[in-house]
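S.K.: Before we start, here is the structure in question, set down as structure tokens.
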Amino acid sequence: MGWLRWWCRSRKTETNADVETVDQESSIVKRTALITLSAQLSADSEIVVSEVVLALEHPELYVEQWADRLANRGIEEPIPELAWIALVEALDEQGLVWEIDWKADAEDILFAVHSLLDRRGWHLPSADRQLEQAVRSGGHTYDYLCKLHESLRSHGIVLGSLDINSDSYVLIVFREEEVEEVQQLAKASGYTFHSSFG
């Protein structure tokens, strides 16, 4: 009977070790994907990547260093999504995302999209009128975003959003050929990226 108990205990220890190994590997995959995504979305900005790495490796220090920034989100201590929020905040500081309220008006949305395009250096004179027409027909924020997304898509540009689980849209623009990779990296990192509003 003693042999059976020993064998059951050893199997339990092996199983726990296997679970820990899988959790560690999963954590490494998520971390690597988020760092790669940070570089991709920021055009390899060392500032953006370093802020995300700080939030991943030293969350307490990140919260202390960026307390003013995080106070606007009601974050006073590390939370599980801290590195994702760090990415959004760092991209925002660089002008690479624009956060709008779920009930933003057409003027604000149009200004945000134009600012994002300008920041990327993508001047689309032929698209300007299309964008303005897209939001002039009336509707709500979501309707405007759908129309703007369609207009930009015809120029090979995607208007998407990073999901921060709030009542706002964190808008970002990038080239259509990057969509699949960005979606895969976001998913692998454990977060959600919306590449459309439809």
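The values are calculated or read from the model by the stated rules, or taken from the named source; none is laboratory data. All figures in this text were calculated on a predicted structure; none of them were measured in a lab. All Cβ positions, even for glycine, are placed from backbone atoms using ideal geometry, and neighbour counts span all protein chains on display.
S.K.: With (1) hydrophobic (A, V, I, L, M, F, W, C); (2) surrounded by 14 or more Cβ atoms within 10 Å (Cβ to Cβ); (3) closer than 29 Å to Arg153 by Cβ as the list, and Ala83 as the residue in question, which single condition is left unmet?
M.R.: In the conditions (1) hydrophobic (A, V, I, L, M, F, W, C); (2) surrounded by 14 or more Cβ atoms within 10 Å (Cβ to Cβ); (3) closer than 29 Å to Arg153 by Cβ, Ala83 misses (3) alone.
S.K.: Take the conditions touching a residue at least 40 places away in the same chain (Cβ under 8 Å), under 19 Å from Val48 (Cβ atoms), assigned to a helix (DSSP H, G or I) and in contact with a strand residue (DSSP E or B) (Cβ under 8 Å, 6 or more places away or on another chain) and apply them to Val88. Does it pass? Steps first, answer last, please.
M.R.: On the way: touching a residue at least 40 places away in the same chain (Cβ under 8 Å): yes; under 19 Å from Val48 (Cβ atoms): yes; assigned to a helix (DSSP H, G or I): yes; in contact with a strand residue (DSSP E or B) (Cβ under 8 Å, 6 or more places away or on another chain): yes.
Judged against the criteria, Val88 is a match.
S.K.: Now, a different point. Restricting to segment 52-80, give me the number of residues that are aliphatic (A, V, I, L, M), under 18 Å from the mean Cα position of the chain (by Cα) and under 22 Å from Ser168 (Cβ atoms). Walk me through it before giving the result.
M.R.: Of all residues in segment 52-80, those aliphatic (A, V, I, L, M) come to 52-56, 61, 63, 67, 70-71, 75, 79.
Those left that are additionally under 18 Å from the mean Cα position of the chain (by Cα): 52-56, 70, 75, 79.
With the extra rule that they be under 22 Å from Ser168 (Cβ atoms), the set shrinks to 52, 55, 70, 75, 79.
Of the residues in that region, 5 qualify.
S.K.: Name, by its number, the condition in (1) in a loop (DSSP other than H, G, I, E, B); (2) touching a helix residue (DSSP H, G or I) at 6+ places or on another chain (Cβ under 7 Å) that does not hold for Ala188.
M.R.: The failed condition is (1).
S.K.: Spot the failing condition for Asp92; the list is (1) assigned by TED's automatic domain parsing to the domain that holds Asp44; (2) in contact with a Leu (Cβ under 8 Å, 6 or more places away or on another chain), and only one is missed.
M.R.: Of (1) assigned by TED's automatic domain parsing to the domain that holds Asp44; (2) in contact with a Leu (Cβ under 8 Å, 6 or more places away or on another chain), only one is false for Asp92: (2).
S.K.: What is the number of the single condition among (1) free of Cβ contacts under 8 Å to residues at least 60 places away in the same chain; (2) surrounded by fewer than 18 Cβ atoms within 10 Å (Cβ to Cβ); (3) out of contact with any helix residue (DSSP H, G or I) (no Cβ under 6 Å at 6 or more places or on another chain) that Pro78 does not meet?
M.R.: It is condition (3) that Pro78 fails.
S.K.: If I ask for residues that are modelled with pLDDT under 95 and among the hydrophobic types (A, V, I, L, M, F, W, C), which ones from segment 72-105 would you list?
M.R.: Trp102, Ala104
S.K.: Just for segment 156-176: of the residues that are in contact with a helix residue (DSSP H, G or I) (Cβ under 8 Å, 6 or more places away or on another chain) and surrounded by fewer than 15 Cβ atoms within 10 Å (Cβ to Cβ), which one is farthest from Ala86 (Cα to Cα)?
M.R.: Gly156
S.K.: Let me ask something else. Among the residues of segment 93-126, count how many are part of a helix (DSSP H, G or I) and either in contact (Cβ under 8 Å) with a residue 40 or more places away in the chain or crowded, with 19+ Cβ neighbours inside 10 Å (or both).
M.R.: Step one: filter segment 93-126 for residues part of a helix (DSSP H, G or I), giving 93, 106-120, 125-126.
Still in the list and also either in contact (Cβ under 8 Å) with a residue 40 or more places away in the chain or crowded, with 19+ Cβ neighbours inside 10 Å (or both): 93, 106, 109-110, 112-113, 116-117, 120.
Adding up the residues that qualify gives 9.
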